Amino acid sequence: MSLSPAIPSAMDDSADVLVRFEDVKKSYDGVNFVVEGLNLDVQNGEFLTMLGPSGSGKTTTLMMLGGFERPTLGRILLKGKPVERLPPEKRNIGFVFQNYALFPHMTVSENVAFPLRYRGITGAQAREKVQQALGRVSLDALGDRRPAQLSGGQQQRVALARALVFEPSLVLMDEPLGALDKQLREHMQIEIKQLQVALGITMVYVTHDQSEALTMSDRIAVFHDGRIQQLADPETLYNAPSNRFVASFIGENNTMQCMLAGREGDVAVVRMADGTVLKAASTCGSTGGEVSISIRPESLSLAEADGRSEVNRIPGKARGVFFLGDHVRLSVEALGGQLLTARIPMRQARPFTAGEDLVLECDVSECRLLEA
């Protein structure tokens, strides 16, 4: 997939740009690029997440920004000045690693104070900054403990306090919640986001967890094969994915190949493999060409008897019925043998039997047309 030289964004005021990647490429062997054609602006005060599967280039991009890797080609600007050849300690950037990287022989306060020593801040001034940083993460009473005496969540807070103690212009976070259990991870997501908003700092966050990205981010850059596939706010990314990869990676999706048969104004008419004709919100494709349609499971419901004209009706057979508390998950064979997933809220559900005939429906506006 080819991209234009710059990823368009609604937040494109250069005066507000803290970080800029300009045509950045990274290769470890001189032949294959793990990051290629990267153009990206990070705005002052925003929470930007780099999201993607393993090997997509997101962590390498973060490491280049932090100074732990150098780009093979291109420039990285911080506050308008090139930094691609500056060592990490010269960039005034805080960093939180997945494994926290705390010193086990030091107390919590000593760990948090460590970055201050490199900046010549000692004595009463350092102690004040350490207490301030620990207060921000609700650990001001635990400064004399050692990391082994803390829970995983508390250790993560210490790492965050250490990244904030010298008041950096930018904080980078590399999968910082990956070692926590689900409940604590969800709690920390909210806590980190609230702290970022309260302090007005800029955070760049790397994760492969889509729900984490949707919960915390102002904008999300979706990486795949070393390139940004889409850069958008969470709602746009979820509701209007730009291509098949983004549609399949962000949330659960029913994505099916089809042929663009024609158009009715801004609505596309598509023909499925079994000949079924459906309509979709149209943003791409040429008549007669191969495209894909994408339907979220929550956008499929049981068809109503009145047969409204603004919906697609999809006959099928129930192949799997799963009770999940607040909804019933249906696996439905339809459209010539394809399995669709539908998420039916309990208030609309009824007893289902595997093998029974049923009809699903989906609003045309929630059936998205994508490049194949």
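Tabulated results
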| item | result |
| --- | --- |
| Charge dipole of the chain about the Cα centre (unit charges at C-beta), most positive-ward option of Val359, Leu177, Ala303 | Leu177 |
| Relative contact order computed over the chain (Cα-Cα under 8 Å; 6+ residues apart), in percent | 15 |
| Listed candidates (1) 18.5; (2) 22.5; (3) 20.1 - label of the one calculated as mean projected area of the Cα convex hull in nm² | (2) |
| Accessible area of segment 258-372 belonging to carbon and sulfur atoms, whole % at 1.4 Å probe | 50 |
| Interchain or long-range residues, amide H under 5 Å from Ser282's placed H | Ala268 |
| Furthest towards positive pole of dipole, Gly30, Pro234, Val17, structure part the chain, Cβ charges | Gly30 |
| Ordering of 236-249, 344-357, 322-335 by packing [mean C-beta count within 10 Å, highest first] | 236-249, 322-335, 344-357 |
| Note, ³J(HN,Hα) from phi for segment 80-92, Karplus 6.51, -1.76, 1.60, rounded to Hz, x at Gly and Pro | x, 10, x, 10, 4, 10, 7, x, x, 5, 9, 9, 6 |
| Rounded, prolate or oblate (a/c below 1.5 giving rounded, otherwise prolate when a/b exceeds b/c) for segment 58-113 by Cα gyration tensor | prolate |
| Whole-Hz couplings from phi, Karplus 6.51/-1.76/1.60, listed for segment 65-78; x for Gly and Pro | 5, x, x, 8, 9, 9, x, 6, 9, x, 10, 10, 10, 10 |
| Point-charge dipole on Cβ atoms (K/R +1, D/E -1) for segment 269-367, about Cα centre, debye to 20 | 160 |
| Cα gyration tensor shape of segment 54-206, rounded if a/c is under 1.5, else prolate or oblate by comparing a/b with b/c | oblate |
| Debye, to nearest 20: dipole size of the chain, +1 on Lys, Arg Cβ, -1 on Asp, Glu Cβ | 1140 |
| Residue-by-residue Karplus 3J(HN,Hα) for segment 341-350, coefficients 6.51, -1.76, 1.60, Hz, glycine and proline x | 9, 10, 10, 9, x, 4, 5, 10, 7, 9 |
| Share of carbon and sulfur in the accessible heavy-atom surface of segment 149-210 [1.4 Å probe, %] | 49 |
| Long-range lysine pairs (8 or more apart or interchain), the chain, Cα under 16 Å | 4 |
| Cα shape, segment 34-92, gyration tensor, a/c 1.5 rule | oblate |
| Accessible surface, per residue, of the chain when the full set of protein chains is kept, probe 1.4 Å, Å² | 47 |
| Mean Cβ count within 10 Å, highest first, over the residues of peptides 99-110, 157-168 | 157-168, 99-110 |
| Exposure of Glu22 as accessible area (Å², to 10), given a probe of 1.4 Å and all protein chains | 50 |
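The values are calculated or read from the model by the stated rules, or taken from the named source; none is laboratory data. Keep in mind that what you see is a predicted model, and the values were worked out from it rather than measured. Backbone-built Cβ (ideal geometry, glycine too); neighbour counts: all protein chains shown. These area figures cover heavy atoms from the full protein model, side chains too; ligands, DNA and RNA do not enter into them. Shrake-Rupley method; radii C 1.70, N 1.55, O 1.52, S 1.80 Å.
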